[in-house]
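Contents: one structure, followed by commentary.
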Amino acid sequence: MRWYSQLNPLLRFGLKFCLFFGLCDTLSIAPWSERPLSVFLSAYAHGSNWILVACGQNSHVTGSTISSPTVSLSVMRGCDALDPILVLCAGILAYPAPWRSKAIGLALGIPSLFVMNIVRILSLYFIQIKAPALFDLAHLDIWPVVFVLLAGVLWFVWMRWALKGEDNHVAA
């Protein structure tokens with residue numbers, strides 16, 4: 001592994017990032033991952049529906065589909081924010097920071113993206129009601145870009161925080 005330690009730190013980060021992302025992405029498409037992913041999708045649907053009902057919507061959930069008299073919205077693979085979550089996780093795990101900082105970053109970052117995905121689902125529900133012609137634009141073009149940017153921003157904020165923690169630890 002001596003050759004690895006002699007690599008440029010940016011290249012080491014890139015290699016680790018690709019390794020972590022590739023491993024996690026491969027595990028997410030493995031046949032045995034279908035059940036956990038369906039539970040994940042159902043959690044999104046139920047969490048979103050809970051908010052919709054609290055806002056006065058006459059909606060219910062069947063599996064991972066939110067239905068009301070005017071809208072039926074299925075939360076499917078690809079609507080799960082899993083790829084941005086994996087990007088964030090790979091970035092945090094690949095970055096040379098203490099494991100404690102990585103654990104805090106994961107513990108705060110993953111739920112943040114989960115909550116933001118519920119916001120996305122809710123917005124798509126209301127777009128489908130109020131402006132159905134904009135649904136595909138929001139669903140396929142706007143929200144995917146927002147999520148990639150959000151994962152990048154969360155990683156960057158975490159990285160800055162982790163660096164400050166390291167500086168304080170070294171100075172002490």
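Setting aside same-chain residues fewer than 8 positions from Lys102, which lysines have a Cα under 19 Å from its Cα?
Of all the lysines, those that pass the test against Lys102 - Cα under 19 Å, at least 8 places apart if same chain - are Lys16, Lys164.
Given Cβ point charges of +1 (Lys, Arg) and -1 (Asp, Glu) and nothing else, what value in debye, to the nearest 20, does the dipole of region 2-171 about its Cα centre take? Don't jump to the answer; show the numbers that get you there.
Working: 11 positive and 8 negative charges, 89 e Å.
That gives region 2-171 a dipole magnitude of about 420 debye.
Classify region 71-172 as rounded, prolate or oblate from the Cα gyration tensor: take a ≥ b ≥ c as the square roots of its eigenvalues, call it rounded if a/c is under 1.5, otherwise prolate when a/b beats b/c and oblate if not. Intermediate results must be reported in sequence, preceding the final value.
Working: a/c = 3.35, a/b = 3.07, b/c = 1.09.
Verdict is prolate for region 71-172.
Using the Karplus curve 6.51 cos²θ - 1.76 cosθ + 1.60 with θ = phi - 60°, work out ³J(HN,Hα) for each residue of region 70-76 in order, rounded to whole Hz, and write x for Gly and Pro.
10, 9, 10, 10, 9, 8, 10
Using 0.36 nm times the number of residues separating Val119 and Trp50, minus their current alpha carbon distance, what extension gain do you get?
Values: separation 69, 0.36 × 69 = 24.84 nm, distance 1.23 nm.
Full extension of this stretch gives 23.6 nm more.
For n ≥ 4 DSSP H runs only, could you compute -39500 (n - 2.57) per run for the chain, divide by its residues and tell me the 222 nm figure to the nearest 500?
Numbers: 6 runs with 119 residues, N = 172.
Taken over the chain, the calculation gives -24000 deg cm²/dmol.
Once label points are set 7 Å from the Cα along Cα→Cβ at both Ser42 and Ala103, what is their separation, rounded to one decimal in nm?
Placing both labels 7 Å along Cα→Cβ, they lie 3.0 nm apart.
Over the chain, what is the relative contact order in percent, taking alpha-carbon pairs closer than 8 angstrom and at least six residues apart? Before the final figure, lay out each step's value.
Details: 140 pairs, mean separation 37.9, N = 172.
Reported as a whole number, the value is 22 percent.
Mind pulling the per residue volume of the convex hull built on the Cα atoms of the chain? Å³ is fine.
Working: hull volume 23.7 nm³, N = 172.
Cα-based convex hull of the chain, divided per residue, equals 138 Å³.
Every number in this text was worked out from the coordinates using simple rules, so none of it is lab data. Computed from a predicted model, the values in this text were never measured in an experiment. Neighbour counts run over all protein chains shown; Cβ positions are idealised from the backbone, glycine included.
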